[in-house]
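Scroll down for the structure; my scribbles are underneath it.
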Amino acid sequence: MRLSGIALVTGGAGFVGSHIAAALIERGLRVRIIDDLSTGHRENLEEIGGDFDFIHASLLDEAALDRALEGVEIVFHQAAIPSVPRSVEKPHETHRACVEATFSLLEAARRRKVRRLIYAASSSAYGDQPTLPKSEEMRPDPLSPYAAAKLVGEYYCQVWTRTYGLETVALRYFNVFGPRQDPSSPYSGVISRFIAALMKGERPLIFGDGEQSRDFTYVENVVQANLKAAESPSAVGYVINVGNGCRVTLNQLLEALKKLTGRTDLEPEYHQPRPGDVRHSLADITRARQLLGYEPTVGLEEGLRRTIEWWKRSRYAR
Ligand code: UD1
């Protein structure tokens, strides 16, 4: 099935959403973005390039959401408050932004007869399942309000497919990183925070002993998975891991970044582990390969290089 018509990207002013929007525009689609700019930024919109419509509104604003969905064929649902520690501190806020917003979107999409919705799910759903790599058949075991909220969204998607025939695909992202990931909040993803610290000559903070591991996935691979999920005839109704398929510890990650930035002198400060933190994470990407023909094309080191280059040109460097 070829992508055509109008695509709506929720959270399109955010990190992953802005990359998806850019890729869709490049493919000649008409793109609309809805974002309340709570965690997204106008500067990300400026980096997208090309033409798109922007609606500055929350998904909880029913009238704005209905307007955003007019004539839409496919939705890429990226809007969320994507942080484990922030969800631990403010669970209600996460519930509204992840659960209630997804529910409202599914309902509005059903009314507007949208064909397909691709949902940004999270690897946090697996929690501390001891087996690695984590495959979609495993029982979810959320450890934080964020993980639970993202999981509820997945279930809603599956049910809207089964009950109402809205085609949904849930992509479980594994620790996405890359250009435009905001490093400026204490809740920001670890790669963006490490790069910002090193580039400013500050000591990076490590929560715990640094031996926890993650499957860091460069954003371009996640965009590829989304485009493929939009077109795949066999992915509907499935939950699919989107990762790089290899993991590194935070200590190893920091060593690599120190070399790439030339800041081998900066030693980390170790702090208490974060509540809700998962110990190890690694994706089994067999299903993504089978159902989507997904293959990561940008590995960790190349992704880190590109992210550092972007950071140097970004407003965060000034
Ligand atoms: C989790 C999810 C991920 C989701 C993300 C949303 C898992 C395995 N992954 O990421 O799919 O997209 O939430 O935010 O659950 N850390 C430091 N120093 C820092 C910042 C973080 O040591 O300055 C540590 C954290 O304690 C954690 C690791 O780095 O152990 C990664 O943290 P982060 O980048 O915030 O992502 P996750 O919470 O793993």
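The values are calculated or read from the model by the stated rules, or taken from the named source; none is laboratory data. Remember, predicted model here, so these are calculated numbers, not experimental data. Positions of Cβ are generated from backbone atoms using ideal geometry, with glycine treated the same way; all protein chains shown enter the neighbour counts. When the accessible area is computed, the model is the full protein with side chains, heavy atoms only, and any ligands, DNA or RNA have been set aside. Shrake-Rupley method; radii C 1.70, N 1.55, O 1.52, S 1.80 Å.
Annotations for the structure displayed:
- For Gly245, the amide hydrogen comes within under 5 Å of the amide hydrogens of Ala283, counting only partners 5 or more places away or on other chains and with H modelled in the peptide plane.
- Cα shape, the range 160-215, gyration tensor, a/c 1.5 rule: prolate
- Between amide H atoms placed 1.01 Å from N, distances below 5 Å from Arg172 occur with Ala121, Ile240, Asn241, Val242, all of them 5 or more places distant or on a separate chain.
- Cα pair distances exceeding 19 angstrom across the range 83-226, given as percent: 60 percent
- Label-to-label distance, nm, for residues given as Arg305 and Asn251 (7 Å Cα→Cβ offset): 2.7 nm
- Apportionment of accessible area to carbon and sulfur, the chain, percent (1.4 Å): 48 percent
- Residues of type aspartates and glutamates that Lys259 reaches as a straight line, Cα spacing below 16 Å, ignoring anything fewer than 8 places off in the same chain: Glu202, Glu267, Glu301, Glu302, Glu309
- Mean projected area of the convex hull spanned by the Cα atoms of the range 244-318, taken over all viewing directions: 7.3 nm².
- Shape box of the range 208-265 [Cα atoms, principal axes, largest first, Å]: 51, 23, 14
- Packing-based ranking, highest mean first, of 265-277, 166-178, 17-29 given that Cβ atoms within 10 Å are counted: 166-178, 17-29, 265-277
- Kirkwood Rh, Cα atoms: Rg over Rh of the range 159-273: 1.10
- Computed Kirkwood radius, in angstrom, where 1/r is averaged over Cα pairs of the chain: 19.6 Å
- At q = 0.11, 0.19, 0.23, 0.25 Å⁻¹, base-10 log of I(q)/I(0) for the range 18-115 (Debye sum, equal scatterers on each alpha carbon): -0.34, -0.97, -1.28, -1.39
- Karplus-derived 3J(HN,Hα) values for the range 129-140, using 6.51 cos²θ - 1.76 cosθ + 1.60 with θ = phi - 60°, are 3, x, 7, 10, x, 8, 10, 5, 6, 5, 6, x Hz; glycine and proline are entered as x.
- Computed over protein heavy atoms with a 1.4 Å probe, the accessible surface of the chain works out to 42 Å² per residue.
- Distance between the C-alpha centres of the range 155-230 and the range 1-45: 16 Å, rounded to the whole angstrom.
- Per-peptide packing, taken as the mean over residues of other Cβ atoms within 10 Å, places 241-250, 71-80, 283-292, 130-139 in the sequence 71-80, 241-250, 283-292, 130-139 from highest down.
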